[in-house]
Every structure is written in C-alpha cells, then in structure tokens.
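J.: The structure is given below, and queries will be raised subsequently.
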Amino acid sequence: MGGSAHLGMTMAALYAGGAAMGYKAGCQASTAAGLLSAAGMGTSVALINKGEHLGGHAVGAAVSGITGFFMGRRYFSLRHPFMPNGFFAMVSGLGLVYNVYKGNEWRDSW
C-alpha cells in the first residue's frame, strides 16, 4: 500500500465505524451513509494502489466533499453535540483538502 493510500484507509475505517454506530443506534440512514462512504474510500484506495493516483484522489475528494457537506450541514443546522456529526465533518474536510492537494500533485506530473 502506497503512502497516498494510508489516509484513505483510515477514513474508510472511520466511516465504517460510523456505520456501526448508526446501526447500533437503529438509524438506517446513518448506517447506509457510513457504508457508502467507506465503500467510496475503499474504491479510492484501490485505484491509488493500482497506480491510478489521479483517479483515486478524485474519488477520495468527491467522497470526502459529499460526506463533509452533509455531516457539516447536519451538525450546524441541528445543533448536535460534536460527536458524531462535527467529527465526521472535520475528518471529511481534512480528507477533501488532502485528496485535492495530492490530485493536483499527480495531475502536474501526468
């Protein structure tokens, strides 16, 4: 596994953990969103490991951006405690910045 894929694997594990928290709480929407986000980040990691860095980081940026948008919107509109919405919005924002940065890095060398 390449260095660029480590953050993606960590985020996939965090999203899967969020899906487990949603399942435990009985929230089907949170479970589905967590599983879809984890699968998207897994796809990003698979592409990066195959050598398709630009595509992998594009998928990672898209998944992070979409997840961050919805979790951030939910956190700010519902005034929930920081966990889990604020945490996942923050992690997704960091993933978005990282994937855009690495995507631009690979785009310039492509």
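The values are calculated or read from the model by the stated rules, or taken from the named source; none is laboratory data. None of these values were measured; they are calculated from a predicted model. Note that we place each Cβ from the backbone using ideal geometry, even for glycine, and neighbour counts take in every protein chain shown. In case anyone asks, the SASA skips ligands and DNA or RNA and just uses the protein heavy atoms, side chains included. Shrake-Rupley method; radii C 1.70, N 1.55, O 1.52, S 1.80 Å.
J.: Between residues in the stretch 72-84 that are within 17 Å of GLY17 (Cβ to Cβ) and residues that are of a type in the set (A, V, I, L, M), which pairs lie under 7 Å by C-beta distance while being six or more apart or on different chains?
T.: Pairs that qualify, where the first residue is within 17 Å of GLY17 (Cβ to Cβ) and the partner is of a type in the set (A, V, I, L, M), are PRO84/MET21.
J.: Please list, ordered by residue number, the helices (runs of 4 or more DSSP H) wholly in the chain having 2 or more residues that are polar (S, T, N, Q).
T.: 28-49, 53-78, 87-109
J.: Can you find a residue in the stretch 42-57 that is open to solvent by 50 Å² or more (accessible area, probe 1.4 Å), in contact (Cβ under 8 Å) with a residue 24 or more places away in the chain and closer than 13 Å to TRP106 by Cβ?
T.: The answer is yes; a qualifying residue exists.
J.: Can you pull out the residues in the stretch 100-110 that are free of Cβ contacts under 8 Å to residues at least 60 places away in the same chain and surrounded by 15 or more Cβ atoms within 10 Å (Cβ to Cβ)? Full working, then the answer.
T.: We begin by selecting, within the stretch 100-110, every residue free of Cβ contacts under 8 Å to residues at least 60 places away in the same chain; these are 100-101, 103-110.
Hits for the stretch 100-110 are VAL100, GLY103, TRP106.
J.: Going by what's in this entry, would LYS24 be described as among the basic types (Lys, Arg), over 18 Å from ARG107 (Cβ atoms), modelled with pLDDT of 90 or more and open to solvent by 50 Å² or more (accessible area, probe 1.4 Å)? Walk me through it before giving the result.
T.: Working: among the basic types (Lys, Arg): yes; over 18 Å from ARG107 (Cβ atoms): yes; modelled with pLDDT of 90 or more: yes; open to solvent by 50 Å² or more (accessible area, probe 1.4 Å): yes.
Against the criterion (among the basic types (Lys, Arg), over 18 Å from ARG107 (Cβ atoms), modelled with pLDDT of 90 or more and open to solvent by 50 Å² or more (accessible area, probe 1.4 Å)), LYS24 qualifies.
J.: Follow-up question, since we're still on this one. Does the stretch 76-84 include one or more residues that are buried (at least 16 other Cβ atoms within 10 Å of the Cβ) and either among the aromatic types (Phe, Trp, Tyr) or within 11 Å of the chain's Cα centre (by Cα) (or both)?
T.: Looking only at the stretch 76-84, we keep the residues that are buried (at least 16 other Cβ atoms within 10 Å of the Cβ), and these are 84.
Applying the additional criterion that residues be either among the aromatic types (Phe, Trp, Tyr) or within 11 Å of the chain's Cα centre (by Cα) (or both) yields none.
No, the stretch 76-84 contains no residue that is buried (at least 16 other Cβ atoms within 10 Å of the Cβ) and either among the aromatic types (Phe, Trp, Tyr) or within 11 Å of the chain's Cα centre (by Cα) (or both).
J.: Just checking, does the stretch 61-74 include any residue being open to solvent by 70 Å² or more (accessible area, probe 1.4 Å) and of a type in the set (Val, Ile, Thr)?
T.: If we filter the stretch 61-74 for residues that are open to solvent by 70 Å² or more (accessible area, probe 1.4 Å), which is where we start, we get 66, 69-70, 73-74.
When the remaining residues are screened for being of a type in the set (Val, Ile, Thr), the result is 66.
Yes, the conditions are met somewhere in the stretch 61-74.
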